[in-house]
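Here's the structure we're looking at; comments come further down.
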Amino acid sequence: METSKERSVKAHHKRQSGPKAERKKEKKLPQHAKNAAMQNPKAFASYSGVRADRTIRRNMDRDQTKLHVPMVDRTPDIPPPIVIAVVGPPGTGKTTLIRSLVKRYTKHNLTEINGPITVVSGKKQRLTFMEANNDLNSLIDIAKVADLILLLIDASFGFEMETFEFLNILQSHGFPRVMGVLTFLDKFKDGKRMRKTKKRIKQRFWTEIYQGAKLFYLSGVMNGRYLKQEVLNLSRFISVMKFRPLSWRNAHPYILTDRVEDLTPPDLIHTSPKCDRTVALYGYLRGTNLKSSTKVHIPGSGDHTLAHLSILPDPCPLPDKVRKLLNEKHKLIYAPSSSVAGILHDKDAVYINVPGQLDRGRKEGVSDGERMVIDLQEAQGTLEEGIRSSGGVRLFSGGEVLRGDGPNLTMEMSDAEEEDDEEDEDDDDVGADSEANITELEEDDEEGDDDDDDDEDDEDDEQEFDAGGRRRATSKVIARLESGGDGSREQDIAAFDFADSDSELGIGNSDDEEKVNIDGRLRWKANLLEKGEETFTAAKRSVSLMQFVYESDEKTLSATETKVLDVEDGPDSFFKVTKKVSTGVLLSLALIDTCRVEVLAADLEEWEYEENLDALRGLFVTGAAALAPNGEAVDDDANGDFEDLENPSASKPADEDPNETEEEALAKKKEHLKRKFDSLYDGDEDEKSNNIFESAKEDMAKQKQINAAEFENDDVELRAQVEGFRAGTYVRVVLKDVPFEFIENYDPSYPVIIGGLLSSEEAFGFCQVRIKKHRWHKKILKTNDPLIFSIGWRRFQTLPLYSLNDGNRNRMLKYTPEHMHCLATFYGPVTAPNTGFCAFNSVSDGTNAFRVSATGVVLDINHSVEVVKKLKLTGTPHKIMRNTAFIKEMFTSALEVAKFEGANIRTVSGIRGQVKKALPKPEGYFRATFEDKILMSDIVFLRAWYPIKPKKFYNPVSSLLLQNKKAWKGMRLTGQIRRDENMKVPLNKDSLYKPIERKARVFNTLKIPKKLQSELPFASKPKQAAKQKKAGLLQRRAVVLEPHEKKVYSLIQAINTLKNEKERKAKDKLKVRKEVLAKEAAKRDEASLVKRKATSKAIYKKEGQRLASANSERYKKKK
């Protein structure tokens, strides 16, 4: 050990060469030396003109790909919270992620996540987290309002069907920002398998979103939350993310409701529980400005009219640099549905949220605050009844007893209490009443300083006149103290300090003087009209700030007077006031808590001289301009900003060249000002003419400034009436005639959106859209089958009519095409063109297949959309006369023929014709002319177009009115009704297929006259020989064989007979052999099939057991 300690440590030698040493040397170089290589333009220049041209084109193309259509930025000065939706299948960790993020931002541990949760994430940013349910209605609503989507994916399971459905919904409604989050990575025990899974999921995620989309990895859970560093990285990416306004949200106001309240009178609910309700909804206004006359739509409820709209204080404001009050803490979280709301301020009431369940019978373990709330809940009567039953209440020790004998509480003191107060001369109990008066005066002065708070002024006036002469007596004492003199002043102050009641101050010594006039009437009832006018005028009077600052006429104590006001109360009092008044202090300032500067009269003597006032007056905006030494006003133009053209010599700069003439100086200055003006406003002409994108952005910015300047000086109420309530404010929306199911079945976990409707979107009509069946949907769509559309804020069921434009007309289609777009016409609310939508057959959870049926975009709004269907009428000739023919079996009456007069007809062979006139008899026959003579066997048909109108069916999805939000079902198909009711399909005999009987058509032989044949060339002459009527020479002659020929013929015949017999026997043997082989092969196949079934059954059984165990573990974790 000793040798190891004594052993010398080898010194470290820095590397002098090599790549590491070179990198360190480069770091030590100054910045200009590092960029020396890049500062040489010739070093990296291209010597090839073609290559330079390609480089320029590539750079320009790359710049163009970054450009997009500029949109007006309607973000207010104080933006609303960013809506972040956490979406994913059940059991992917949505709740855990929200808990972790809320803990990261606010240090709060949420026990329950219900509804929107708003947190303060920075100085100028707030976030609203919303967990999306695994419900199609909820996913559709979330996709319409979310600014950022945190898409959770279970890495151990992969992508699920709900994820792809939600991505298709996002694509139809604007596609906001999407960030993927991979969870359950801790289940992977093999690192290589985890890396492969990450790569595979990332590639698929990029295919669905875009190349390079951000994908986060959450490795595991610790103490019920994700790891702090991973959550911190996620929060940093959220904080720096920029959001581009979407077209639909940039044109419509909307509110994501975080609280709902029922304002219906309780007696009306008691008499009629199913009556329509009056509901108040609260939330941040987003999008554009919302006017009180705007109609709104709540997805899942229907259209509503705003009954009242008002602005409330922001429940989760951005942090101020300076707190107004010390007892106000910065509210970092607002979640009224998640038990962290605290105190909720409403226009009608204040709600105190007491966490936990209060047991009224429990006495132990209850805090004072909970006990007070329990007592308030147990109160059976009003405060006035309690005071009257208890005999009165005394607010301060030594004060009067307040009894609730009438509308005005009369302050009296019993004899026993007076005796007790006289006997009690303890310092702690002295002056309680005067202290109360001083405190009331302080409150009046503090509230009077706030000129903008009309409510507080009204309350002050009410207290002043309702309390009788008590408060006025205090003001009289103060006036007497301020105006008093000689030795009586100190006595008055002492009497004010230590007086127990008004009687000791000499005010109201007897009841006759205080309360009753000479004629016997109560004094407080006298001159009520004048007092009311005075109260109204005082409440509406606005104090001039200039007069308040510069023309204060309050009196001060003399410099020789010093008075100490030391007022204390006993241990039972609510407050303790200790004030010291030094010399020269305003008495009214000393009696209140103020921060106004105390100025002595001696310090103001120097401002009695007019010269000092003139020197100071020029420093104020409202004062006169400062005077120059020569007595003339000093002009700011002499500083060189602008030239005085009428008197150039008066504003000549001091540093001007004396040899330069006035005309040259003036021209130079004009040129300089023009260049400055052009550089500020016009910019580079070439650059502006070539960059249309920048010029469009500048025009939008200028228009925004003009709009802001137009309403800058307007009153808040007037501005709200003209342009509506601005986005970013926290509003209270009151709706009337809301179905009672909305309140009874309200669930805060489902988003409630108030979407504003434009004036054009309130009407209904026929809409034409371009639609395409989703490639993952199993069945094609049929005309007039009910389909649920999600367009704009609305979700509704309607009957679409599919068609295809062939250039002249819209032809009806019975089914949608397989892999192409078509047109659809349906009856519904009018929506602006280029609005995306998605369609579903059903929004309930009754299927495991892909639920997005189709997607598309709105094309046109036309109330007279015409879709036609092809109608083919057929007939046969009745009589033919050259190019004229009588046609039968096409029409049934002369009226139908008259309707189709002049219509084009044609035969199957292609001969065209026209309908002329109807024949008198038989009925339905008509005369037609053709371009050639037709045959009796020809079939004549008329091709017509029959107009078809879409059916007027509109059924809004009212899922929020149901207790089970997933159970909404609209119109069902006839086949679904028959399956549900177990009904058979009715048999129609006319719909049955019948065998088609076609008679064989016999054509006459072609006969060409001999004269014509002789004139035809040889190639065109008929080559068919005529059939001989008599037998020829070869048929008529007889064949006789020689004896040798007979023997040869017989031998060949015998040989062929033997050959044929051998072949027959060989075929029979082969047939028998094949039958035997087939039986053996069948036995082998049967044995192998049995073996294969047994093997497959064992494999499937083992795999099923493994999947069942994995699913059971997964659902246990979900629960």
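Laid out as a table, the results:
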read-out: Selection from segment 779-808 of residues that are without any contact (Cβ under 8 Å) to a residue 40 or more places away in the chain and not in a strand (DSSP E or B); value: 779, 780, 783, 806, 807, 808
read-out: Scope segment 968-1006; condition closer than 20 Å to residue 936 by Cβ and open to solvent by less than 100 Å² (accessible area, probe 1.4 Å); matching residues; value: 1000
read-out: Given (1) closer than 21 Å to residue 292 by Cα; (2) surrounded by 17 or more Cβ atoms within 10 Å (Cβ to Cβ), index of the condition residue 803 fails; value: (1)
read-out: Evaluation of residue 267 against (1) acidic (Asp, Glu); (2) open to solvent by 40 Å² or more (accessible area, probe 1.4 Å); (3) assigned to a strand (DSSP E or B) (one fails), failing number; value: (3)
read-out: Number of the exception - residue 285 against (1) open to solvent by 20 Å² or more (accessible area, probe 1.4 Å); (2) of a type in the set (A, V, I, L, M, F, W, C); (3) not assigned by the TED database to the domain that holds residue 170; value: (1)
read-out: Only one of 148, 185 that is without any contact (Cβ under 8 Å) to a residue 40 or more places away in the chain, among the aliphatic types (A, V, I, L, M), in contact with a Phe, Trp or Tyr (Cβ under 9 Å, 6 or more places away or on another chain) and open to solvent by less than 40 Å² (accessible area, probe 1.4 Å); value: 185
read-out: Residues of segment 1039-1074 classified as assigned to a loop (DSSP other than H, G, I, E, B) and either open to solvent by 90 Å² or more (accessible area, probe 1.4 Å) or under 30 Å from residue 1005 (Cα atoms) (or both), total; value: 3
read-out: Lone qualifier among 1105, 1028 - being without any contact (Cβ under 8 Å) to a residue 12 or more places away in the chain, in a helix (DSSP H, G or I), open to solvent by 100 Å² or more (accessible area, probe 1.4 Å) and of a type outside the set (Val, Ile, Thr); value: 1105
read-out: Where a residue in segment 98-110 is within 16 Å of residue 336 (Cα to Cα) and its partner, wherever it lies, is part of a helix (DSSP H, G or I) and open to solvent by 10 Å² or more (accessible area, probe 1.4 Å), with Cβ under 6 Å and at least six apart; value: 110/99
read-out: Count of residues meeting criterion [open to solvent by 20 Å² or more (accessible area, probe 1.4 Å), farther than 15 Å from residue 872 by Cβ and β-branched (Val, Ile, Thr)] in segment 885-943; value: 3
read-out: Count of segment 1087-1119 residues which are of a type in the set (S, T, N, Q) and under 43 Å from the mean Cα position of the chain (by Cα); value: 3
read-out: Residue ranges of helices (runs of 4 or more DSSP H) in segment 133-239 with at least 3 members more than 23 Å from the chain's Cα centre (by Cα); value: 191-208
read-out: Qualifying positions in segment 878-918 - assigned to a strand (DSSP E or B), touching a residue at least 12 places away in the same chain (Cβ under 8 Å) and either within 12 Å of residue 942 (Cα to Cα) or out of contact with any strand residue (DSSP E or B) (no Cβ under 9 Å at 6 or more places or on another chain) (or both); value: 887, 904, 905, 906, 907, 912, 913, 914, 915
read-out: Residue in segment 715-724 that is crowded, with 22+ Cβ neighbours inside 10 Å and touching a residue at least 40 places away in the same chain (Cβ under 8 Å) present; value: no
read-out: Residue in segment 1018-1025 that is open to solvent by 100 Å² or more (accessible area, probe 1.4 Å), more than 30 Å from residue 188 (Cβ to Cβ) and in a helix (DSSP H, G or I) present; value: yes
read-out: Residues within segment 736-773 that are within 21 Å of residue 251 (Cα to Cα) and open to solvent by 20 Å² or more (accessible area, probe 1.4 Å), tallied; value: 6
read-out: Selection from segment 106-138 of residues that are of a type in the set (Phe, Trp, Tyr) and open to solvent by 30 Å² or more (accessible area, probe 1.4 Å); value: none
read-out: Index of the failed condition, residue 279 passing every other in (1) over 18 Å from the mean Cα position of the chain (by Cα); (2) at pLDDT below 90; value: (2)
read-out: Residue satisfying all of: in segment 73-101; of a type in the set (Val, Ile, Thr) and more than 18 Å from residue 216 (Cα to Cα); most open to solvent (accessible area, probe 1.4 Å) among these; value: 78
read-out: Residue match in segment 824-835 (condition: outside any loop (DSSP other than H, G, I, E, B) and either over 27 Å from the mean Cα position of the chain (by Cα) or modelled with pLDDT of 95 or more (or both)); value: yes
read-out: Single match in 843, 867 (criterion: under 19 Å from residue 976 (Cβ atoms), open to solvent by less than 10 Å² (accessible area, probe 1.4 Å) and in contact (Cβ under 8 Å) with a residue 24 or more places away in the chain); value: 843
read-out: Selection status of residue 180, open to solvent by less than 30 Å² (accessible area, probe 1.4 Å), small (Gly, Ala, Ser) and closer than 22 Å to residue 241 by Cβ; value: yes
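The values are calculated or read from the model by the stated rules, or taken from the named source; none is laboratory data. Remember, predicted model here, so these are calculated numbers, not experimental data. Reconstructed Cβ throughout: ideal geometry from the backbone, glycine too, with neighbour counts over all protein chains shown. When the accessible area is computed, the model is the full protein with side chains, heavy atoms only, and any ligands, DNA or RNA have been set aside. Shrake-Rupley method; radii C 1.70, N 1.55, O 1.52, S 1.80 Å.
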